[in-house]
Amino acid sequence: MSDLTSLLRNALNDPATGWSLGAFGAIAEFIRDPDEPATLRDDGPELEARTARGGLRLRPTPAIRAVPYRTRSGSLAVALCLPRHVGAMNRRGVVTELGPDREAIAEADRDALLFDLGLGVFQTDVCVRSSDPVTIARLRAVAGTELLAPGNPLPPDLPALSPDRVFIGPFGRIEVSQPIPPPDGRSPEGPHTHVLPKLLAHNRTHAATVPIPDGWVPSLYLSPPAESFAAWEGLGH
């Protein structure tokens with residue numbers, strides 16, 4: 001556990017490390033520039049990094065298994081996994097109001113309302129958060145419905161509303177405060193999210209190309225620089 005926490009701490013302090021949280025078809029990414037102002041916190045069991053564009057919180061647990069691997073393109077990655085029976089989240093199937101986001105990384109966001117989008121992802125609660133009355137009213141109007149059902153009026157308006165996205169896993173969360181691009185637009189540089197209904201329909205916890213051991217589920221990923229990958233490989237063995 002101490003080795004894992006030490007590696008996570010070093011990775012969080014290194015802006016060259018990218019992070020992602022989610023499942024096949026729904027992913028949030030936290031990335032920061034080398035010169036970007038960031039607030040870092042190492043407070044006992046919690047590790048945090050926050051910028052004006054997004055944030056990441058980790059609560060390391062002894063149950064985590066690190067699985068280092070190389071992608072087909074040659075990129076370096078580490079999947080942080082939990083036993084499947086431990087790694088499940090709420091898997092709500094309809095848009096659900098959850099109340100104030102008391103676990104928000106920034107204190108200023110803890111009175112904003114959190115809504116689970118009801119995507120039914122196994123290991124991630126895919127949520128949005130807002131304190132804007134118009135956005136809250138639009139979300140409440142579709143509460144109890146399936147977001148991706150044909151004719152749901154909310155998805156076409158989400159880019160204009162652009163609530164914060166909050167992806168929550170068993171031992172961490174990623175928050176994204178940047179605008180949601182339109183369907184024909186490009187994701188912004190830095191923290192962003194992808195929700196792809198055609199991929200979600202496969203109901204997979206991860207892509208088939210990711211070498212997750214049987215009985216385990218990936219909860220969070222990091223993309224470390226080459227010089228630190230060997231340490232993750234050592235932990236993985």
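Quick note: the coordinates plus some simple rules give every number you see, no bench work behind them. Since the model is a prediction, treat every value here as computed from it, not as a measurement. Heads up, the Cβs are rebuilt from the backbone with ideal geometry, glycines too, and the neighbour counts pull from every protein chain shown.
Before moving on, here are some points about what is shown:
- Dipole in debye (nearest 20) - the stretch 108-167, about Cα centre, beta carbon charges: Lys, Arg +1; Asp, Glu -1: 60
- Here is the list for the stretch 67-170: trypsin sites (Lys or Arg not before Pro) lying in DSSP coil, each with at most 14 other C-beta atoms within 10 angstrom of its C-beta, are 72, 91, 102, 110.
- Set of the stretch 1-15 residues, backbone N closer than 11 Å to the point 7 Å along the Cα-Cβ line of residue 229: none
- Sum of -39500 (n - 2.57) over DSSP H runs of 4+, divided by residues of the chain (222 nm, nearest 500): -4500 deg cm²/dmol
- Inverse mean reciprocal Cα-Cα distance (Kirkwood Rh) of the stretch 8-53, Å: 11.6
- With neighbours defined as other Cβ atoms within 10 Å of a residue's Cβ, the residues 51, 124, 135 order from fewest to most as 51, 135, 124.
- Loop-resident GluC sites (Glu not before Pro) (DSSP state other than H, G, I, E or B) in the stretch 78-136 with no more than 14 further Cβ atoms inside 10 Å of their Cβ: 103.
- Computed label-point distance, nm, for sites residue 94 and residue 143 using a 7 Å Cα→Cβ extension: 1.2
- Loop-resident sites, the stretch 173-237, for GluC sites (Glu not before Pro), counting at most 12 other Cβ within 10 Å (DSSP): 189
- Of 141, 108, 160, the residue with the greatest mean-square motion in the GNM of the chain, using alpha carbon springs below 10 Å, is 108.
- Under-5 Å amide H pairs with residue 92, H placed in peptide plane, nonlocal only: 120
- Listed values (i) 35; (ii) 28; (iii) 31 include one computed from this model; for percent of Cα pairs over 28 Å apart that value carries the label (ii).
- Cβ-Cβ FRET estimate between residue 16 and residue 209, R0 fixed at 35 Å, reported to 0.05: 0.90
- Residues 58, 76, ranked from the fewest to the most other C-beta atoms within 10 Å, line up as 76, 58.
- Separation between Cα centres of the stretch 118-137 and the stretch 214-237, rounded to whole Å: 29
- In this rough spin-label picture, where each label sits 7 Å from Cα along the Cβ direction, the residue 106-residue 186 distance is 2.6 nm.
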